[in-house]
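S.K.: Handing you this structure, nothing more for now.
The values are calculated or read from the model by the stated rules, or taken from the named source; none is laboratory data. Everything numeric here is computed off the predicted structure, so don't read it as measured data. Glycine also receives a Cβ, built like all others from the backbone with ideal geometry; neighbour counts cover every protein chain displayed. The area values use the complete protein model at the heavy-atom level, side chains included, leaving out ligands, DNA and RNA. Shrake-Rupley method; radii C 1.70, N 1.55, O 1.52, S 1.80 Å.
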Amino acid sequence: MNGIAKLFLSLGAISGALGVLLGAFGAHGLKDKLSEYALGVYQTGVHYQFYHVVGLLLVGLLALKFQSGLLTASGWAFLAGTVIFSGSLYALALSGVKVLGAITPIGGLFFIAGWVLLAVAVVKA
């Protein structure tokens, strides 16, 4: 297995495990501590993290068949989007600091870039 495939398959698996952990923590550990709004924000972070686990795993699987700078960039964009988008939502929900919500769209742009890069990498393959 090549290094890029191994990297993104591993990152996808780790992000999936963290998503389950964070989702369970939110559902069981935070349900009585956060407002309904904050819990919804937190759950949105978990959902988007899981959506992009699929993207990371897809990049890893595609890297088994072909290597491309665009494909690698797509994986990094998915990872950056997860950290920034989901991470800012987790931080917002837990801290209540509303300004953290201003960071979230930057993560969304990384998610969009990741999917566009993935599409271009596949078309060019």
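S.K.: Would you confirm, using the coordinates I've provided, whether Ser88 is in a helix (DSSP H, G or I), of a type outside the set (Lys, Arg), closer than 18 Å to Tyr37 by Cα and open to solvent by less than 30 Å² (accessible area, probe 1.4 Å)?
M.R.: yes
S.K.: Among the residues of the stretch 45-63, is any out of contact with any Gly (no Cβ under 9 Å at 6 or more places or on another chain), surrounded by 14 or more Cβ atoms within 10 Å (Cβ to Cβ) and either of a type in the set (S, T, N, Q) or outside any helix (DSSP H, G or I) (or both)?
M.R.: The answer is no, given that none of the residues of the stretch 45-63 is out of contact with any Gly (no Cβ under 9 Å at 6 or more places or on another chain), surrounded by 14 or more Cβ atoms within 10 Å (Cβ to Cβ) and either of a type in the set (S, T, N, Q) or outside any helix (DSSP H, G or I) (or both).
S.K.: Another question, then. For the stretch 91-119, how many residues meet the condition of being more than 22 Å from Leu18 (Cα to Cα) and either in contact with a Gly (Cβ under 7 Å, 6 or more places away or on another chain) or open to solvent by less than 30 Å² (accessible area, probe 1.4 Å) (or both)?
M.R.: 1
S.K.: What about Val122, is it of a type in the set (Val, Ile, Thr), surrounded by fewer than 17 Cβ atoms within 10 Å (Cβ to Cβ) and in contact (Cβ under 8 Å) with a residue 60 or more places away in the chain?
M.R.: Here the answer is yes, as Val122 does meet what is asked.
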